[in-house]
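The values are calculated or read from the model by the stated rules, or taken from the named source; none is laboratory data. Fair warning: this is a prediction, and the values are worked out from it, not measured in the lab. Please note: Cβ atoms are built from the backbone with ideal geometry, for glycine as well, and neighbour counts cover all protein chains shown. Only protein heavy atoms, including side chains, enter the accessible area calculation; ligands, DNA and RNA are left aside. Shrake-Rupley method; radii C 1.70, N 1.55, O 1.52, S 1.80 Å.
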Amino acid sequence: MLGKQLTFRFFLLLMLITGVNYAQQPVPPDSAKVKTGDGKGKLKAQVTYTAHDSVRFDIAGQKAFLYDSALVKYEQQEIRAYYIEIDFKNNSVLAEGEKDSTGKYISKAEFTDNGQQYTYDRIDYNFDTQKARITNASTIDGETHMIASEAFKEADNTTYIRRGIFTTCENDHPHYAIRARKLKIIPDDKIITGPAYLEIGDVPTPLGIPFGFFPNKRERSSGLIIPAPGESPAQGFFLRDGGWYWGLSDKIDLALKGDIYSKGSWATRVLSNYNVRYKYRGRFSASFARVYQGDPELPTSLESNEFLVTWNHTQDPKSNPSVRFSANVYAGSSKYNTFNSINANELLRNQFQSNIAWSKNWNFGSLSTNLRHSQNTQTRLVDVTLPQVSLAVNRFYPFRNNKRVGSRWYDKIGISAVTDFQNTLSVPDSTIKFDNLAPLQRKLNNGVKTSIPISSTIQFKNFPVTFTPAFNLNAYTYFNSIQKSFDTDSQAVVIDTLRGLKMAYDYFASMTMGTRLYGTWKGKIGKLRALRHVATPQASFTWRPDFSTDKYGWYKEVPINSIGGTSTYSIFENGIFGSPGLGKTGLLGFSLANTIEGKIKSDTSDVLKKFTVIDQFNVSFNYNVLAEHFNWSNINFSGRTRLRKLVDVNTTLSFDPYRIDSTGKRIERFEWRANKRIGRLENATVNIGTSLRKGGFTASAPKQSTKGTTQELEFINQNPDAFVDFNIPWTLTLMYTLNYSKPDTLVSVTQGLQFSGDVNLTDKWKIGFNSNYDIAKQKFSYTSVNIYRDLHCWEMSFYWVPFGPFQSYNLTINVKSAVLQDLKLNRRRNWYDF
């Protein structure tokens, strides 16, 4: 074949040089290359062309005619068509698709220029000017699909279109389009149109514009965010999440969004994502809402200002292993989500938490700083730590000698140290006034704690027991203390805060001994062939002296009434790290952890399959030998197992070995003597749940696509819950929770059933649900229904809360990205999305 090609090329070159008019006969399928000089009218590079049926030459006219599956390549251009005519004299080419007997095109041709692909009926292209005239052209640029009756392409790939449409629908006959008589496409920049109107399903709509500029970039681009309509009984009809989006760069974007309600409420939000590859990524949002409750014409109406700030920052672990910075901020007013969110997790959230952390590691230790925030939306209590600074020295072994042969028992004695400084504030959110912080400064609670733990591990050669002795020394430094006194006039105890540095310390010693025991059974009961029981018992003893004696001076007596009654208090009672221990402690502790596994015979082979009978079953209790009363602690049980790999069961039980009297007061009498039971059930929790799904991707399988940008795919794989996956036919999650509490004579029992899931009604419709049912009150709590419709190039989502205080609905219809069509995904539109 190689020799045949060389002979044919030599023959062709000979014809072009000599100008001899050889007989023009069809040739067998083959290829040829023509290369000419760089002079005027000459091609600057090599032309390669092939045809499946035949190649015919006109030597006098310096033309070549290619038939059936013809292909021409020149530099970065490539033309595929049924018929191609090459004019070497004018350095041009004509190509067109196949026609039927009536002259109608029955196949398209393709033209590719620097990666930009066009399909067409006919094209006239000049190699020198790189200009082209294309008839009935179609091209996809980024996510934009262009169709034109006639198109003119310039050398820089700028395209002028006459009687054209553009859309994001990939179908040859698109579901929707914007139709215009004149358009100009600037690749990777924008699309400029003259008068244009929207057409849906071949039906023109009254939505038109005199001219338009549309982004046409593969990377991020700026544009309008269409709001989602809905209705809320409390605030009226609304338009939510409308605004403008700026695709500033591949590293950062910005969105300004707002809500407006028919009853006067409004909200605005600023959101930004940033991502510096191999260094860090994050997301920031700040929201403010003006909320009107009730009829604004009535005096009973209320107004409130609500805000919320969120910030998530994650550093790439490979960026700087010795220095780490992270942020997880969620702070705002307690009622913000109540009036401004339609997300179930946000509406039911009653705890706001934040943490900003920085740390630096060295060979000898580490330094870390944390800013923390915790807020309860029910009690409206705010706890802030500004800051917490910890300096830790890594564990070292002072008696270890690396030059010595062999080891000694004291070589394993290790020492470490941690110094912790904290400055905290705990106040109701109503008392926080940013224009006057002086009252808050007086409520700050701070101190320094240094801990020096010393421990060792001893393992016996002939006995499988691990012995761990330990000693811990703690030093406390406080910047104020308290003093209590009895006021005879008010007959009450008065607390005074004394400024000044105060120090204290305590210490305790402990010994822990543990081992692991194995028990096996082999036999035959049905399909069961073996059982294995692993028991891990552990016994410990902890000793601590009494630091409330007079020689330390940290505990004092205060009168509590006029008849001589007194009470003991610590001068560090309000200290952030607490006080040195009150009373002697000699604590004997015992715990037992158990796991049971089994093997069963398979139905199809003799291979034994392992399964878990009990994942974990723990028992723990302790006895204080130095206490004067109530030496025994509660007896605690906890267990966890999975039934047939489908149902998870978690249980915790707590039994008080002591009885209570008729008033509910604990008395030093054992339940065993009176009722022949180990204790009185004080608390119990049972959780039974299952999560089922059929088909689809697993959590560890990243989604792949040939469409879309790298950033889009990264976001999809990092946020799988933010998308509706039509590859998963159905999912179902059920959780039953039982809580029992009887600390005294009163019994409290709560039962709840949580269920959520979704199902594909068709390959285009998916319905989801999320609800909670209170069994004790026999009524549903927060319930939502989600309906998703895949409209190929569009998507529709309907979010509905049918009843309750958050009753509302939200409808979103929007054009979706091509990458989602490829993956059969729909985007979930929550309040934080843009």
Among the residues that make up the stretch 335-347, is at least one of them touching a strand residue (DSSP E or B) at 6+ places or on another chain (Cβ under 7 Å) and open to solvent by 60 Å² or more (accessible area, probe 1.4 Å)? yes
For the stretch 812-831, does any single residue satisfy the condition of being among the hydroxyl-bearing types (Ser, Thr, Tyr), at pLDDT below 90, in a strand (DSSP E or B) and within 16 Å of ASN343 (Cα to Cα)? yes
Residue list for the stretch 774-795, filter: assigned to a strand (DSSP E or B) and either surrounded by fewer than 16 Cβ atoms within 10 Å (Cβ to Cβ) or over 27 Å from the mean Cα position of the chain (by Cα) (or both): ASP774, LYS779, PHE780, VAL785
Under 6 Å between Cβ atoms, which residue pairs at least 6 apart in sequence (or on different chains) link something in the stretch 316-340 that is closer than 29 Å to PRO805 by Cα with a partner that is in a loop (DSSP other than H, G, I, E, B)? SER334/THR377; SER334/ARG380
Which residue out of SER741, SER771 is within 30 Å of TYR658 (Cβ to Cβ), out of contact with any helix residue (DSSP H, G or I) (no Cβ under 7 Å at 6 or more places or on another chain) and open to solvent by less than 60 Å² (accessible area, probe 1.4 Å)? SER741
Could you check the stretch 206-215 and list, in sequence order, the residues that are open to solvent by 80 Å² or more (accessible area, probe 1.4 Å) and either of a type in the set (D, E, K, R) or in a strand (DSSP E or B) (or both)? PRO206, LEU207, PHE213
State yes or no: is LYS610 surrounded by 14 or more Cβ atoms within 10 Å (Cβ to Cβ) and among the basic types (Lys, Arg)? no
Quick one: how many residues across the stretch 475-491 are touching a residue at least 60 places away in the same chain (Cβ under 8 Å), of a type outside the set (Ser, Thr, Tyr) and part of a strand (DSSP E or B)? 4
Tell me the residue from SER322, SER334 that is more than 19 Å from the chain's Cα centre (by Cα) and either under 27 Å from ARG380 (Cβ atoms) or modelled with pLDDT under 85 (or both), please. SER334
ALA357 of a type outside the set (Ser, Thr, Tyr), more than 24 Å from the chain's Cα centre (by Cα) and at pLDDT 90 or above: no
Over the stretch 515-533, the set of residues open to solvent by less than 90 Å² (accessible area, probe 1.4 Å) and not in a strand (DSSP E or B) is GLY526
Looking only at the stretch 796-805, count every residue that is of a type outside the set (Gly, Ala, Ser) and surrounded by 15 or more Cβ atoms within 10 Å (Cβ to Cβ) and tell me the total. 5
Flagged in the stretch 744-764 as of a type in the set (Asp, Glu) and surrounded by 15 or more Cβ atoms within 10 Å (Cβ to Cβ), in numbering order, are ASP758
Of everything in the stretch 218-232 that's free of Cβ contacts under 8 Å to residues at least 40 places away in the same chain and not in a loop (DSSP other than H, G, I, E, B), which residue is surrounded by the most Cβ atoms within 10 Å (Cβ to Cβ)? GLY223
Using beta carbons and a limit of 6 Å, which pairs, at least six apart or on different chains, have the first residue in the stretch 535-552 and closer than 11 Å to PRO580 by Cβ and the second one open to solvent by less than 60 Å² (accessible area, probe 1.4 Å) and charged (D, E, K, R)? PHE547/ASP506
For the structure I just gave you, tell me whether ALA593 is of a type in the set (Gly, Ala, Ser) and modelled with pLDDT under 90. no
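Yes or no, residue by residue, for (1) assigned to a strand (DSSP E or B); (2) in contact with a Gly (Cβ under 9 Å, 6 or more places away or on another chain):
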| position | (1), (2) |
| --- | --- |
| ASN370 | yes, no |
| HIS373 | yes, no |
| THR379 | no, no |
| VAL393 | yes, yes |
| SER407 | no, no |
| TYR410 | no, no |
| THR419 | yes, no |
| LEU440 | no, no |
| THR450 | yes, no |
Screening THR536, THR488, THR512, THR542 for residues that are open to solvent by 50 Å² or more (accessible area, probe 1.4 Å) and either at pLDDT 90 or above or out of contact with any Phe, Trp or Tyr (no Cβ under 6 Å at 6 or more places or on another chain) (or both) leaves only THR488
Out of SER426, SER430, sole residue that is open to solvent by 40 Å² or more (accessible area, probe 1.4 Å), in a helix (DSSP H, G or I) and polar (S, T, N, Q): SER430
Within the stretch 650-665, which residues are open to solvent by less than 30 Å² (accessible area, probe 1.4 Å) and not polar (S, T, N, Q)? ASP656, PRO657, TYR658, GLY664
Which count do you get for residues in the stretch 252-279 that are of a type in the set (Phe, Trp, Tyr), free of Cβ contacts under 8 Å to residues at least 40 places away in the same chain and open to solvent by 50 Å² or more (accessible area, probe 1.4 Å)? 1
Is at least one residue of the stretch 233-243 surrounded by 13 or more Cβ atoms within 10 Å (Cβ to Cβ), assigned to a loop (DSSP other than H, G, I, E, B) and either of a type in the set (Ser, Thr, Tyr) or on the phi > 0 side of the Ramachandran plot (or both)? no
Please work out if SER570 is among the small types (Gly, Ala, Ser), more than 30 Å from THR468 (Cβ to Cβ) and open to solvent by 70 Å² or more (accessible area, probe 1.4 Å). no
Check the stretch 404-411 and report whether any residue there is among the acidic types (Asp, Glu) and more than 28 Å from LEU347 (Cα to Cα). yes
Taking ASP615 as the residue in question, decide whether it is in contact with a strand residue (DSSP E or B) (Cβ under 8 Å, 6 or more places away or on another chain), among the acidic types (Asp, Glu) and open to solvent by less than 40 Å² (accessible area, probe 1.4 Å). no
Looking at the stretch 380-399 only, could you name the residues that are surrounded by fewer than 17 Cβ atoms within 10 Å (Cβ to Cβ) and touching a residue at least 40 places away in the same chain (Cβ under 8 Å)? ARG380, LEU381, ASP383
Determine which member of the set ASP506, ASP546, ASP496 is part of a loop (DSSP other than H, G, I, E, B) and closer than 30 Å to THR566 by Cβ. ASP546
Output the residue which, of all residues in the stretch 452-462 that are in contact with a Ser or Thr (Cβ under 8 Å, 6 or more places away or on another chain) and in a loop (DSSP other than H, G, I, E, B), is least open to solvent (accessible area, probe 1.4 Å). SER456
Qualifying strands (runs of 3 or more DSSP E) (wholly inside the stretch 598-680; at least 2 residues being farther than 30 Å from ASP546 by Cβ): 608-624, 635-643, 647-656
